[in-house]
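The structure under discussion appears below in the form of structure tokens.
The values are calculated or read from the model by the stated rules, or taken from the named source; none is laboratory data. Since we're looking at a predicted model, the values are computed, not measured. When we count neighbours, we look across all protein chains shown, and the Cβ atoms used for this are built from the backbone with ideal geometry, even at glycine. Areas reflect the complete protein model, heavy atoms only, side chains present, ligands, DNA and RNA absent. Shrake-Rupley method; radii C 1.70, N 1.55, O 1.52, S 1.80 Å.
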Amino acid sequence: MDWRENGAILLVSCYELGHQPYGVAHPSGFLSRAGYSPAALDIAVESWDVAAVQAARFIGISVPMHTALRLGLKVIQRIREVNPHGIVCCYGLYASLNATYLLSQGADYCVGGESEAPLLELVRTLEAEKSTFAVT
């Protein structure tokens with residue numbers, strides 16, 4: 001699947017205090033404006049979508065607070081069960097505060113704070129690296 005195809009990038013919201021998942025909506029806008037077609041999954045109100053997780057090359061997990069972090073750890077485990085080669089990136093305030101732990105639990109990358117632009121740069125970098133590997 002090409003990085004710009006619909007669903008190649010999946011953004012997961014774990015918990016946002018009962019509000020709309022801003023932690024997925026805002027980065028999704030950045031990615032969309034750059035030509036990507038991210039899918040979104042809000043596990044607070046949606047069922048776990050195995051097909052979406054299996055299809056994704058890059059799965060971003062929004063962890064803006066402690067509760068989302070705890071749920072995000074379970075999401076990492078579930079991702080690894082069905083998509084062991086997918087790239088997992090935790091992003092948000094608690095990703096940077098807990099990066100060492102998240103990386104030890106299966107995350108490949110952690111992006112903290114205002115993560116929209118760094119997340120986009122990470123996706124661009126990974127896309128370029130994967131394209132290089134495919135050509136050689």
Flagged pairs (Cβ under 6 angstrom, 6 or more apart or on separate chains; first in the stretch 31-52, at pLDDT below 95 and of a type in the set (A, V, I, L, M); second open to solvent by less than 20 Å² (accessible area, probe 1.4 Å) and assigned to a loop (DSSP other than H, G, I, E, B)) are Ile43/Cys14
*Would the stretch 49-67 turn up any residue that is of a type in the set (A, V, I, L, M, F, W, C), within 13 Å of the chain's Cα centre (by Cα) and more than 18 Å from Ile87 (Cβ to Cβ)?*
no
Ile43: passes all of (1) under 21 Å from Val123 (Cα atoms); (2) over 10 Å from the mean Cα position of the chain (by Cα) but (1)
Within the stretch 39-60, does at least one residue satisfy the condition of being touching a Gly at 6+ places or on another chain (Cβ under 6 Å) and not small (Gly, Ala, Ser)? yes
When (1) surrounded by fewer than 15 Cβ atoms within 10 Å (Cβ to Cβ); (2) under 23 Å from Ala128 (Cα atoms); (3) not hydroxyl-bearing (Ser, Thr, Tyr) are applied to Pro38, the one that fails is (1)
Using the structure shown, decide if Leu73 is part of a helix (DSSP H, G or I) and open to solvent by less than 30 Å² (accessible area, probe 1.4 Å). yes
